[in-house]
Amino acid sequence: MTAPSLTPTTRDERLDLLEADRFDLIIVGGGITGAGVARDAAARGLTVALLEADDFAAGTSSRSSKLIHGGLRYLASGEIDLVRKTARERTAVHAMAPHLAEPCWMVVPARNWASVTKFRAGIGTYEKLGGVEDADRHEVWKGDEVTAHEPHLRTDPYDYAVAYREYLTDDARLVLATLRAATLSGAVAANRLPVVDAIREGDRIDGVQARCAITGREVAVRSDVVVNAAGPWVEGIARMEQDPPASRLHLSKGVHIVIPRERFPANHLVIANTEDKRSIFVIPRGDIVYIGTTDTTYSGDRPLWPEITREDVDYLLAPMDRYFDIEPLTADDVIAAWAGVRPLIAQEGKEAKEMSRKDEVTTGPGGMISIAGGKLTGFRKLAEDVMDVVAKQLGRRLPEGPGTAPVPGGQPVAATDDRQATRLRRLYGSESDAVLALGAEPLVPGAPVVVGEVDWAIDMEAALTLVDVVYRRTRVAWYVPQHRDELAVAMGQRMADRLGWTDHEHAQQLAEVRTLFADELAFKEAS
Ligand SMILES: Cc1cc2nc3c(=O)[nH]c(=O)nc-3n(C[C@H](O)[C@H](O)[C@H](O)COP(=O)(O)OP(=O)(O)OC[C@H]3O[C@@H](n4cnc5c(N)ncnc54)[C@H](O)[C@@H]3O)c2cc1C
């Protein structure tokens, strides 16, 4: 049986519903943090409304490195608790959504046995903290073994490699699946519904005022508790309660660049070190490889679509030649790119790359619960922590949460070698057949994307615009960039037919997507 849609009613009906009922909990922000809290709260029987200003996962939660990982590097900075918590969450996320937490080898090239010994000590601790099972423990490869696993990795000077388990996800799809789990338990979620103010009743926050970004309709939503999960925008929402807000954020920009796999034939996830002694990842996925990430203070005015500069791209490409014996990569090889901002908790005197990735849950004077910082990986546990605070405010004990219950699409499915089936399984998991049943024919010849995906995005996943479908539902903008323009045209046509767009609306939707495509690669013109 297919789990219900993220939007079981029409938009107007949903907005009516938001106004008609008083909720136990309102969540501001539909990234992974808000989605995780919605899933947990709704499963405990709370009535939940989630309001997202743009699209679900439009913020940081579609721009990450897409790793469900404990962050081995944080061991070096002594953040044992953070590493323990997130390392353990790897198996929890895998249990909830095996298709969105795929075990992969993370390969650390090493020059000599002394380096291997050093890495193994760190990785051994990591595995212990994460409770890794014996079969999943790290391996050490030497010489020909390195070449057998990763043929283009330079064995001179990297004669060894240590390979350990991490998990690859799809951040935006994890948000959508988690939100659908919340809807399944009765939560009401609406995208394109920015919160514009807080509603007060005496000293307490009693709800939020929102404005529909499509029609301008004003919507007042009331609740006993408000959770502010607005990621990089969390301070702005907290200011609606008190100014200045309790927590201060430091925004850090992270860029990823995308290279065709045929140009960069990497097999596994590989860690490379940069000149300034940071680690960046090389991550193969389908027909592409992405490299990331940068970590620089962001003070621009486009936190949703931060600029990607030539400097960012050169920084990520620079170490590649040291590690890989392939024709040197240049900026011309980059066919797509994304940037996001990390909402880090500001730490006086530290650079962005040195700041902790820990999360912080604070309660304001009117009762608003704000969540700052954190990682995608820890969202399930973070939601449990937030529910402890919510329970206190509601003044009652809550039933058990959902634990690691599977999200829609999260039933196990066998892996296959087929390129299209693999892509669909990674996106839709055990719901792939339901997607195919809506239309199994290719959208455009030669691209592994089927017609049913567009209908699924509209009917089941609340996609309202072409950007939603191209960037956050089918993910073709970054995972199938070789064909993205023709796919966007075909998807736009299908959406226009389904949603009754006028010619003008249709043209506008396509223009918006094309502007974003061009913007990603604008660094090429600046050089
Ligand atoms: C480059 C980069 C790489 C990363 N890599 C990893 C990784 O590999 N693994 C990992 O675990 N973590 C990673 N992270 C961290 C992770 O992505 C973030 O911790 C996580 O996505 C934050 O989610 P969030 O829901 O808190 O914020 P967001 O996803 O930004 O969600 C906040 C939402 O609030 C909405 N909003 C804003 N204002 C309003 C309003 N007025 N009304 C309603 N809604 C509003 C926004 O539109 C947005 O959708 C990475 C981060 C970056 C930037």
- Task: Six or more apart or on different chains, Cβ under 6 Å: which pairs go from a residue in segment 235-248 that's within 11 Å of the ligand (Cβ to nearest atom) and of a type in the set (Val, Ile, Thr) to one that's assigned to a loop (DSSP other than H, G, I, E, B) and modelled with pLDDT of 95 or more? Could you list them?
- Result: 237/230
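Name the residue, out of 312, 321, 295, 301, that is free of Cβ contacts under 8 Å to residues at least 40 places away in the same chain, open to solvent by 10 Å² or more (accessible area, probe 1.4 Å) and within 16 Å of the ligand (Cβ to nearest atom).
On the way: 312 fails: free of Cβ contacts under 8 Å to residues at least 40 places away in the same chain; 321 fails: within 16 Å of the ligand (Cβ to nearest atom); 295 fails: free of Cβ contacts under 8 Å to residues at least 40 places away in the same chain.
Just a single option satisfies the conditions, and that option is 301.
Do the conditions hold for residue 470, that is, is it under 17 Å from the mean Cα position of the chain (by Cα) and open to solvent by less than 10 Å² (accessible area, probe 1.4 Å)? Break it down into steps so the answer makes sense when it comes.
Numbers: under 17 Å from the mean Cα position of the chain (by Cα): yes; open to solvent by less than 10 Å² (accessible area, probe 1.4 Å): yes.
It is true that residue 470 is under 17 Å from the mean Cα position of the chain (by Cα) and open to solvent by less than 10 Å² (accessible area, probe 1.4 Å).
Being within 30 Å of residue 325 (Cβ to Cβ) and either buried (at least 19 other Cβ atoms within 10 Å of the Cβ) or within 14 Å of the ligand (Cβ to nearest atom) (or both) is the filter here, so list the residues in segment 69-104 that pass it.
Applying the first criterion (within 30 Å of residue 325 (Cβ to Cβ)) to segment 69-104 yields 69, 71-73, 76, 102-104.
Result: 69, 71, 72, 73, 102, 104.
Kindly indicate which of 462, 477, 511 is open to solvent by 20 Å² or more (accessible area, probe 1.4 Å) and either part of a helix (DSSP H, G or I) or within 29 Å of residue 283 (Cβ to Cβ) (or both).
511
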- Of all residues in segment 203-217, which are within 11 Å of the ligand (Cβ to nearest atom) and aliphatic (A, V, I, L, M)? 208, 210, 213
- Query: When only residues in segment 161-202 that are out of contact with any Ser or Thr (no Cβ under 8 Å at 6 or more places or on another chain) and of a type in the set (Ser, Thr, Tyr) count, which is farthest from the ligand (Cβ to nearest atom)?
  - Reply: 185
- Note on the structure: Flagged pairs (Cβ under 6 angstrom, 6 or more apart or on separate chains; first in segment 334-359, closer than 30 Å to residue 476 by Cα and part of a strand (DSSP E or B); second modelled with pLDDT of 80 or more and hydroxyl-bearing (Ser, Thr, Tyr)) are 340/60; 341/298; 342/252; 344/252
- Task: Could you check, for segment 402-419, whether at least one of its residues is open to solvent by 20 Å² or more (accessible area, probe 1.4 Å), in contact with a strand residue (DSSP E or B) (Cβ under 9 Å, 6 or more places away or on another chain) and more than 16 Å from the ligand (Cβ to nearest atom)?
- Result: yes
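Using the structure shown, decide if residue 143 is on the phi > 0 side of the Ramachandran plot and either open to solvent by less than 10 Å² (accessible area, probe 1.4 Å) or of a type outside the set (D, E, K, R) (or both).
Details: on the phi > 0 side of the Ramachandran plot: yes; either open to solvent by less than 10 Å² (accessible area, probe 1.4 Å) or of a type outside the set (D, E, K, R) (or both): yes.
For residue 143, the condition - on the phi > 0 side of the Ramachandran plot and either open to solvent by less than 10 Å² (accessible area, probe 1.4 Å) or of a type outside the set (D, E, K, R) (or both) - is met.
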- Those residues of segment 262-273 which are more than 12 Å from the ligand (Cβ to nearest atom) and either over 25 Å from residue 518 (Cβ atoms) or surrounded by 16 or more Cβ atoms within 10 Å (Cβ to Cβ) (or both) amount to 264, 265, 266, 267, 268, 270, 271, 272, 273
- From the list 505, 525, 486, which one is part of a helix (DSSP H, G or I), more than 22 Å from the chain's Cα centre (by Cα), over 30 Å from residue 94 (Cβ atoms) and at pLDDT below 95? 525
- Task: May I ask you to list pairs of residues, at least six apart or on different chains, whose Cβ atoms are under 6 Å apart, with the first in segment 150-173 being of a type in the set (Gly, Ala, Ser) and the second being in a strand (DSSP E or B)?
- Result: 161/107; 161/109; 161/141; 163/105; 163/107; 163/139
- Note on the structure: residue 31 vs (1) open to solvent by less than 10 Å² (accessible area, probe 1.4 Å); (2) modelled with pLDDT of 95 or more: all pass except (1)
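The values are calculated or read from the model by the stated rules, or taken from the named source; none is laboratory data. As the structure is a computational prediction, the values presented were derived from the model and not from experiment. With ideal geometry, Cβ positions are generated from the backbone for all residues, glycine too; neighbour counts draw on all protein chains shown. Heavy atoms of the whole protein, side chains included, go into the accessibility calculation; ligands, DNA and RNA do not. Shrake-Rupley method; radii C 1.70, N 1.55, O 1.52, S 1.80 Å.
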